[in-house]
Amino acid sequence: QVQLVESGGGLVQAGGSLRLSCAASGRTFSTYARGWFRQAPGKEREFLAAITWSGTSTYYADSVKGRFTISRDNAKNTVYLQMNSLKPEDTAVYYCAVSEGYYGTSPTYYNYWGQGTQVTVSS
């Protein structure tokens, strides 16, 4: 079992920045990739970014490319999402996730999920 604890969400004005953190604990030795998703009201869960736990491979959704950056600290079992130039349409619940065998954009590739943290961008 892997437990994920997210932090860093909150309220920010349009154009501002926010950094989300997601610390993992438990049986994390099987981690292959970490990902970030979000879900806005009335919308499906949307892939944002992913990073492999070994190596430096990253992948971003077009909607956030150039604005969001995913990074990791393996020693701390923590993944980050730096969000810049935030827009009101970025308002959503943000989730981090762990994949033990896949690296991709589908939520079905991920085995463990955090509780989600609310990000609200005001106009």
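General observations
- The single condition from (1) more than 12 Å from the chain's Cα centre (by Cα); (2) over 12 Å from Leu18 (Cα atoms) that Val98 fails is (1).
- Scanning the stretch 101-123 for residues that are more than 14 Å from the chain's Cα centre (by Cα) and in a strand (DSSP E or B) gives Thr120, Val121, Ser122.
Residue-wise test of (1) in contact with a helix residue (DSSP H, G or I) (Cβ under 9 Å, 6 or more places away or on another chain); (2) open to solvent by less than 60 Å² (accessible area, probe 1.4 Å); (3) basic (Lys, Arg).
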{"position": "Glu89", "(1), (2), (3)": "no, no, no"}
{"position": "Val93", "(1), (2), (3)": "no, yes, no"}
{"position": "Ser106", "(1), (2), (3)": "no, yes, no"}
{"position": "Trp113", "(1), (2), (3)": "yes, no, no"}
{"position": "Gly116", "(1), (2), (3)": "no, yes, no"}
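- From the options Tyr60, Tyr32, residue that is touching a residue at least 60 places away in the same chain (Cβ under 8 Å) and among the aromatic types (Phe, Trp, Tyr): Tyr32
- Of the criteria (1) among the acidic types (Asp, Glu); (2) within 11 Å of the chain's Cα centre (by Cα); (3) farther than 21 Å from Tyr109 by Cα, which one Asp73 fails: (2)
The values are calculated or read from the model by the stated rules, or taken from the named source; none is laboratory data. All values reported here derive from a predicted model rather than from experimental measurement. We place every Cβ from the backbone using ideal geometry, glycine too, and count neighbours over all the protein chains shown. In case anyone asks, the SASA skips ligands and DNA or RNA and just uses the protein heavy atoms, side chains included. Shrake-Rupley method; radii C 1.70, N 1.55, O 1.52, S 1.80 Å.
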